[in-house]
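None of the figures in this text is laboratory data; all of them are computed from the coordinates on show. Note that this is a predicted model, so its numbers are computed, not measured. When we count neighbours, we look across all protein chains shown, and the Cβ atoms used for this are built from the backbone with ideal geometry, even at glycine.
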Amino acid sequence: MNAVHVAHDIPGRLRLRLPAGAPAEGLQAAVSAVPGVTRTAWSPRTRSFLVLYDPATGSRAAIADAVSQASGLPAPLAPDAPSAAPAPSGEPGAAVALGVRQLFGEVDERVQHATRGLVGLSGLLPVALTAWALAELVRGRAAPLAWTSALWYAHGLFRDYQVPVKPD
């Protein structure tokens, strides 16, 4: 039987996917007993298990061990493995910015893999927006583009003004 797969992981939020046929009975009770866990949710339709926890008092390793013991599957994470995601700073919105950065980082990796390293998301997005704008001009439908301008501005902010993450 396959191991549990980590679908999403940021400090305080862990989403796991269990393979088909893996037992899920007692999973919520076992993980809820782990110190720091504040909420769990199991979706049998997607075989997805969401765990919300306080990163200051709970640990991914303890959650992984509880999931492994309750399901009888290999642990999704090594017990002493550091988090793949750096901990967000105490600034408001830092966790959201970290999640957005990770999401677009994964999309960028997929684009680079699909194009065999020829182009990444940072090159593809401006080209796609420019091609779309030119197509609108050719069709004679040029008008103020408030939402696209905002999207372009947000792209520039994330690209140019990322706060570097300090290594521990």
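Within segment 1-65, report the trypsin sites (Lys or Arg not before Pro) that DSSP leaves as loop and that have at most 12 other Cβ atoms within 10 Å. Spell out each step's value before the answer.
Numbers: sites: R13, R15, R17, R39, R45, R47, R60; in loops: R45, R47.
Answer in residue order: R45.
Taking 7 Å along the Cα-to-C-beta vector as the label spot, tell me the L50-E109 distance in nanometres, rounded to one decimal.
Inter-label distance under the simple model: 2.3 nm.
What length, rounded to one decimal in nm, is gained on full extension from A154 through to A97, with 0.36 nm per residue of separation minus their alpha-carbon distance? Show your work: numbers first, answer last.
Numbers: separation 57, 0.36 × 57 = 20.52 nm, distance 1.19 nm.
Answer, rounded to one decimal: 19.3 nm.
Between the DSSP loop rule and a limit of at most 16 other Cβ atoms within 10 Å, which GluC sites (Glu not before Pro) in segment 94-141 are left? Please list the in-between numbers first.
Numbers: sites: E106, E109, E136; in loops: none.
Answer in residue order: no site qualifies.
Take every Cα-Cα distance within segment 5-71, group them into 5 Å bins from 0 onward, and report for each bin the whole-number percent of pairs it holds.
Going from the shortest bin to the longest, the percentages are 4, 19, 35, 27, 12, 3, 0.
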